[in-house]
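Encoded as structure tokens, the structure appears first; notes follow it.
The values are calculated or read from the model by the stated rules, or taken from the named source; none is laboratory data. Quick caveat, the model's predicted, so the values are computed rather than measured. FYI the Cβ positions are ideal-geometry reconstructions off the backbone, even for glycines, and counts take in every protein chain you see. With ligands, DNA and RNA removed, areas are computed over all heavy atoms of the protein, side chains included. Shrake-Rupley method; radii C 1.70, N 1.55, O 1.52, S 1.80 Å.
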Amino acid sequence: MEGSSYQRFPKVKIRELRDDYAKFELRDTDASMANALRRVMIAEVPTIAIDLVEIEVNSSVLNDEFIAHRLGLIPLTSERAMSMRFSRDCDACDGDGQCEFCSVEFHLRAKCHSDQTLDVTSKDLYSSDHTVVPVDFSDSAAASGEALDTKGIIIVKLRRGQELRLRAIARKGIGKDHAKWSPAATVTFMYEPNIHINEDLMETLTLEEKRTWVESCPTRVFELDPVTHQVMVVDPEAYTYDDEVIKKAEAMGKAGLVDITAKEDSFIFTVESTGAIKASQLILNAIDILKQKLDAVRLSDDTVEADDQFGELGAHMRGG
Amino acid sequence: MAADDDHSRMTGDNEKKPVTHDPESKEPRISGEMRAAANDCNDQWRWQASSCRNDSNKQAVDKFQLLPEFLKGRGLVKQHLDSFNYFVNTEIKKIVKANDRIESNTDPSIYLRFLDVRIGEPSVTVNAVSETINPHMCRLSDLTYAAPILVDIEYIEESHAQKAPREKKDVVIGRMPIMLRSHRCVLHGKDEAELARLGECPLDPGGYFIIKGTEKVVLIQEQLSKNRIIIDTDKKGNINASVTSSTEATKSKTVIKMENEKIYLQLNIFTTPKIPIMVVLKAMGMESIQEVVQMVGRDPRYGALLLPSIEECAKEKIYTQEQALEYLETKVKKFQFASAPPEKEGRALGILRDVFLANVPVYKNNFRPKCIYVAVMMRRMMDAILNKDAMDDKDYVGNKRLELSGQLISLLFEDLFKTMVSEVKKTIDKLLGKHSRSSRFDFSQHLNSNIISFGLERTLSTGNWDVKRFRMHRKGMSQVLARLSFISTMGHVTRVSPQFEKSRKVSGPRALQPSQWGMLCPCDTPEGEACGLVKNLALMTHVTTDQEEGPLISLCYCLGVEDLELLSAEELHTPNSFLVIFNGRILGKHRRPQYFATGMRMLRRAGKIGEFVSVFVNEKQHCVYIASDGGRVCRPLVIADKGVSRIKECHMKELSDGVRTFDDFLQDGLIEYLDVNEENNALIALYEGEATPETTHIEIEPFTILGVVAGLIPYPHHNQSPRNTYQCAMGKQAMGNIAYNQLRRMDTLLYLLVYPQRPLLTTRTIELVGYDKLGAGQNATVAVMSYSGYDIEDAIVMNKSSLDRGFGRCIVFKKYSSVNQKYENNTADRIVRPNRNEDFAGNMQILDDDGLAAPGEIIRPNDVYVNKQSPIITKGSPLPGIPDSAYRPCRQIFKGSEGEPTVVDRVALSTDKNDCLCIKFLIRQTRRPELGDKFSSRHGQKGVCGTIVQQEDFPFSERGICPDLIMNPHGFPSRMTVGKMIELLGGKAGVSCGRFHYGSAFGEPSGHADKVDAISETLINRGFSYNGKDFLYSGITGCPLQAYIFMGPIYYQKLKHMVLDKMHARGSGPRVMLTRQPTEGRARNGGLRVGEMERDCLIAYGASMLIYERLMISSDPFEVQVCRVCGLLGYYNHKLKTGICSSCKNGDNISTMKLPYACKLLIQELQSMNIVPRLKLAEA
């Protein structure tokens, strides 16, 4: 193995891409890489979320902390987040919402004058920065043909005479500190399954046996061709590694009817975003941050010192 | 098919004989109206049998809808309300009527008579103006929710020696605390909107009182039946028959016992506990021994048992009634002060008439009923001697009576009313005794209303029932209503507390009684010393109230009961006749008991007599027991004719259409109430399908055997039984919602959940009670796996992101109050505007200009929340105006701990009973779960939070599901909580298909619990594995986990025990004045004790310097001067800079040494007791 490099060149193939959803394949790498990407997407891609709330008037039924907590969890559009500063690192200000580099100010004023309950929603939040606003789902709702009157995220309901007036400051942060800064609703991956049907053995089954075998799988992985009566793999990714079909085959006395292994170097990612940033951007940002983190390791003094010990690996880390 | 055939044959039978009584029975011999009634109901039955015949072949009818209907009509605390209503409407009138005349001893023509009594509207009198009040007002301003007791009186007014009768209406003689939701309560019959307007929660059960602003429940008291014969053994193993008699006039206990083969009477009023029973019988006129033997029964075995007693009586040479009475006279306890004039007939006869078996009335000195009663007692006792099976079980629920608040308050009221009457009598006697009376005498002026008002209020608020008149001293009868969670409130009002002391180590009363089936919850009992003694009512239990006896007695005679008076002693126990015993009184005998019982039951089902009258034929004792007294537990059951349920599909349809109510079911004779005794005459089928031709009744729903609290547990019938008991205790500690008005209340301590949820896996009880509206927990996605090692010993691992998003977040409210005291010199505390320039201003930032903390401000330790000032001089004569300088600051300082920020939530001003200004502050804290907070599922599986882990480190499935918490699988094998696993499965199926699943107890056959098969089917349809296990990836490495993980939602409760309230550590700090040792307890910032065992460990280890340091240096070191000559303690003279021995009067031989201050104290205390400890010092 002299001279061989550990370096591999992962490939990405995008299968599906929407604003808040992405599905892609990641090939030619291993679980550590895939998992690092997943972890960064959940915990380290920065977004902007409300962090400080100053309440002027609150005569609603919910108390101040309650409302502040709810405000914090509202996703804000955070395309700008990557270029912003953390308020703790911002030298220009003290993080009071005035500084354009690290914070955004919001105002909310609502009072119920009618006998009907007034819903205070995320749409009532007025931002000082038009690029950072509460996420608007009405477009996607309209696109999918749902009710058009999606009014945003309800913060509190007011009855006649109740009032809510507050100033909120949103700051940049990461999911590691608080889940409200996590841009990811769901990030998950699976190993791509490798399904191999033993055709010879399969032919020994009767049609009825084939049918029961196909139906034993809780997800629709296999299908019986109505014409040729052959069992086909239609959707290998629907397989949940539940071993049901293998157990079924064993129960039928046909062990080895199907052979399912996970491809060790191929992953199918599903990414759903909260709407703070686009799913595609989330992935790109995650890769950027992962690179930065690796750079930090590579450039640190410890690494240079350790270079002698690790030899080739050290060189590899330095981009050799 | 065979079963089907059977079924049709059964219905065939039914067609032929729609009336269910015995084929040979003829029309009952009853007269007039009763006959009409009986015919009526026969007709009705015939009609039902024909109209519903077509349905009877169908499958079992779903009777569940009866339950909501039942609970809608009565709520869960009907027993309390019924009992209180009965008192207010009936009992109070009886009490007043029984003592309606106050007469002057000096002039009997001056009198006052109570004509009528009633309870008015709840109100409060402020400055002589009566204002109506509502319960929530009382809670907030510490008032008593009470209504005036109004009487109409007739009295004599005397002015200038002229007497004129007068009448007055609506005179107030006191204030009666009103039970919430009773007839007299303003909340009675109000709908949800009206309740909301009154600040009341519609789900609140009521059944409690509000005394001085605190909610008080009078617990249901369990005691042995009154006026019933109980056969038992005493400590020596002797068999005895005892009766605790209780009538309006007297209360006594009579025991007849067998000792050394002779029968004796034991009655407290006699000096010896052994009065030969034959003497007593003779004293009551039973001079003929033959008659006695006949009365007991002619069986030679009884005679043999009686013989020694007869011989003893003969030995005493007592043959006649006079001799017997003389004998008894010598045994009567002498009163210490013989004030009563000696009665002509002698005290003995009086005692026999009034005290001995007081429940058997004696008319015109006819002692025969009493003699027969004694004979019956002896016969039962002898039965027990001959055959041990005839012993009574004291723990049998049928021998128990539950005493409810109405009865208890009526006792109290009776006592207070009598006290008031005697007080009034005393004052007017004193007044009329004066010779020179000039002013007009108005009797009505002397009615004192305070005795009753204060007496009731005091007793209810302390819970100590001290009624001397009835020799009653009971403590802890009323308790502050537990408002920790909605369910704890429900559990509290249905609690049954025992009468005897809890410390006794007997297992009998603690054991689960088979007879408590359906009446008392088998699960809900506390652990520890009260285990098995404190019980809870089951869901459908009803506790009866007293019912008019007169009509029932005459009805019995109508139905062929032969009066005792007409029977000779010989006829009493003829083989085929049964004695008829009504509420413990022997009415007579009946020759066809079954026929008689069927007749009574028919009338009850027809609604002609009260639905709670019980008829019980005791074959063994040859008795028919009829009971209409209060305190019996009973429950509704569906009546079946030869195994065919009377409730058909058509009835249930009418019910769901709203044209039929639960009462209609009762009136139409489809359902009836059975008490524990009558259940013995019934054969009750659990399900309609299991009914056989012998079946007489069918259960409505099996899960009603559980109570409210146990009803929350899903699939409890799959759990190990103690787990359900543990959950019953923990469900009461869970945080969640308390009531709809929870944010308008001012409780001293209030725990709320920020985002409470409704359980995904519900039960029918949950919906019936309203737990789905006022839940106390959250549905957490739980993965059952081992993770990180911080999950041993039931600890759970929590997902940090879940906590960020609000899981387990809770709000804690605490109340602080401050009173502006008034002083005798007309001065009072005052609250002043804070001086913003003062040194102290830093701690007064949260104060408004009115000197009170502003709501919404964050309050920190040492902050002032009331800027109060007190006058320096508070005693002496009133001062007119006093300057500012006469006040000293008396600021109220907040002493909370650092940690979560604390906020002033609300400030309320009110006046207390002394008319002082009372300010209440509600302080709020929002807490997120932290390490060590306690959580529990609904299966008695509690655990603390062991560690909090980032979401990215948590395992995840390929669908992206990530658990909220991880539970160690070791929690399952030893606990055997299979119900929890089914809950997980059902919850998972529930979320994936969008339907709440059910897990009611024993619900699988009747469809009130989803079966595991069906759940698995749903899971498979939704692409999950049928066994609830998922394929998970490690969040740390990204590799698949080696095993499939059992994962799904389980309803988790956050319990009130939180680390923040318990955490404690200290370095140096406060010390106790006396011993100079560190204080004890967290509240006083106390030290952590190195106790005996810790000390032993250190000694064993040899760490002497550590002991020295802990026990002396860090505790109470003290330097003393010791005289080497006399060995006594001296003192240090600062002028001479030397130690001096005060006994030797010099400082020559003084040594300075260190010893614990406690030791020095001991030495001095011993000296003060003339013991001289001397220290002998040696060089070290």
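Miscellaneous remarks
- Test: residue in the range B:1120-1127 that is modelled with pLDDT of 90 or more and in a helix (DSSP H, G or I): no
- Some residue of the range B:609-626 being assigned to a loop (DSSP other than H, G, I, E, B), more than 23 Å from residue B:692 (Cβ to Cβ), in contact with a Gly (Cβ under 9 Å, 6 or more places away or on another chain) and among the small types (Gly, Ala, Ser): no
- Applying the criterion of being closer than 20 Å to residue B:332 by Cβ and among the charged types (D, E, K, R) to the residues of the range B:350-370, the residue that is least open to solvent (accessible area, probe 1.4 Å) is B:370.
Condition check ((1) within 11 Å of another protein chain (Cβ to nearest Cβ); (2) closer than 30 Å to residue A:111 by Cβ; (3) open to solvent by 20 Å² or more (accessible area, probe 1.4 Å)) across all residues:
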| position | (1), (2), (3) |
| --- | --- |
| A:32 | yes, no, yes |
| A:48 | no, yes, no |
| A:57 | yes, yes, yes |
| A:84 | no, no, no |
| A:93 | no, no, yes |
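- Sole residue being under 15 Å from residue B:185 (Cβ atoms) and either out of contact with any Phe, Trp or Tyr (no Cβ under 9 Å at 6 or more places or on another chain) or open to solvent by 10 Å² or more (accessible area, probe 1.4 Å) (or both), chosen from B:124, B:129: B:124
- Elements of type strands (runs of 3 or more DSSP E) in the range B:813-928, at least 2 residues being in contact with a Phe, Trp or Tyr (Cβ under 9 Å, 6 or more places away or on another chain) and modelled with pLDDT of 85 or more: B:864-866, B:868-871, B:902-911, B:917-927
- Residue among B:903, B:949 that alone is within 14 Å of chain A (Cβ to nearest Cβ), buried (at least 17 other Cβ atoms within 10 Å of the Cβ) and in contact with a Gly (Cβ under 7 Å, 6 or more places away or on another chain): B:903
- The listed residue being facing another protein chain (nearest Cβ under 9 Å) and under 30 Å from residue B:810 (Cβ atoms), out of A:53, A:40, A:61: A:61
- Looking across the range A:166-204 at every residue that is more than 29 Å from residue B:1034 (Cα to Cα) and open to solvent by less than 10 Å² (accessible area, probe 1.4 Å), the one that is farthest from the other protein chains (Cβ to nearest Cβ) is identified as A:202.
- Meets criteria (away from every other protein chain (no Cβ under 12 Å) and open to solvent by less than 20 Å² (accessible area, probe 1.4 Å)) for residue B:1038: no
- Residue B:991 vs. criteria without any contact (Cβ under 8 Å) to a residue 60 or more places away in the chain, more than 14 Å from chain A (Cβ to nearest Cβ), in contact with a Leu (Cβ under 7 Å, 6 or more places away or on another chain) and not polar (S, T, N, Q): no
- Qualifying residues in the range A:144-190 (those that are hydroxyl-bearing (Ser, Thr, Tyr) and at pLDDT below 90) - the one farthest from residue A:271 (Cα to Cα): A:150
- Annotation: of all residues in the range B:995-1010 being out of contact with any helix residue (DSSP H, G or I) (no Cβ under 8 Å at 6 or more places or on another chain) and open to solvent by 10 Å² or more (accessible area, probe 1.4 Å), the one that is farthest from residue B:701 (Cα to Cα) is B:995.
- Tabulated pairs, the range B:171-186, first within 14 Å of residue B:118 (Cβ to Cβ) and assigned to a loop (DSSP other than H, G, I, E, B), second of a type in the set (Ser, Thr, Tyr) and open to solvent by less than 40 Å² (accessible area, probe 1.4 Å), C-beta under 6 angstrom, 6+ apart or interchain: B:178/B:145
- For beta carbons closer than 6 Å, sequence separation of 6+ or different chains, a first residue in the range B:496-511 that is within 23 Å of residue B:473 (Cα to Cα) and aliphatic (A, V, I, L, M) and a second that is at pLDDT 80 or above and open to solvent by less than 90 Å² (accessible area, probe 1.4 Å), the qualifying pairs are B:496/B:220; B:496/B:222; B:496/B:535.
- Subset of the range B:798-809 [in contact (Cβ under 8 Å) with a residue 40 or more places away in the chain, within 11 Å of chain A (Cβ to nearest Cβ) and not in a helix (DSSP H, G or I)]: B:799, B:806, B:807, B:809
- Residues in the range B:1117-1143 that are over 18 Å from residue B:1171 (Cα atoms) and open to solvent by 30 Å² or more (accessible area, probe 1.4 Å): B:1117, B:1118, B:1119, B:1124, B:1131, B:1132, B:1133, B:1134, B:1135, B:1136, B:1137, B:1138.
- Among the numbered conditions (1) within 29 Å of residue B:688 (Cα to Cα); (2) within 14 Å of chain A (Cβ to nearest Cβ), the only one that residue B:1026 does not meet is (1).
- All of B:820, B:799 fail the test of being over 19 Å from residue B:946 (Cα atoms) and over 35 Å from the mean Cα position of the chain (by Cα), apart from B:820.
- Listed by first and then second residue, the pairs with beta-carbon distance under 6 Å, at least 6 apart or on different chains, first residue in the range B:382-408 and open to solvent by less than 10 Å² (accessible area, probe 1.4 Å), second at pLDDT below 85 and not in a helix (DSSP H, G or I), are B:384/B:391.
- Spans of strands (runs of 3 or more DSSP E) in the range B:100-162 with at least 3 residues in contact (Cβ under 8 Å) with a residue 40 or more places away in the chain: B:111-119, B:146-159
- Top-ranked residue in the range B:754-797 [being in a strand (DSSP E or B) and over 21 Å from residue B:991 (Cα atoms); ranked as nearest to the other protein chains (Cβ to nearest Cβ)]: B:797
- Test: residue A:72 is crowded, with 18+ Cβ neighbours inside 10 Å and modelled with pLDDT under 90: no
- Scoring residue B:544 on the criteria (1) within 30 Å of residue B:84 (Cα to Cα); (2) touching a Phe, Trp or Tyr at 6+ places or on another chain (Cβ under 8 Å); (3) exposed (fewer than 14 other Cβ atoms within 10 Å of the Cβ) leaves a single failure, condition (3).
- Any strands (runs of 3 or more DSSP E) falling wholly within the range A:50-139 and containing at least 2 residues that are hydroxyl-bearing (Ser, Thr, Tyr): A:125-127
- Residues located in the range B:262-289, provided they are hydrophobic (A, V, I, L, M, F, W, C) and part of a helix (DSSP H, G or I): B:277, B:278, B:279, B:280, B:281, B:283, B:289
- Looking only at the range A:1-18, and only at residues there that are open to solvent by 100 Å² or more (accessible area, probe 1.4 Å) and part of a loop (DSSP other than H, G, I, E, B), the one that is modelled with the highest pLDDT: A:18
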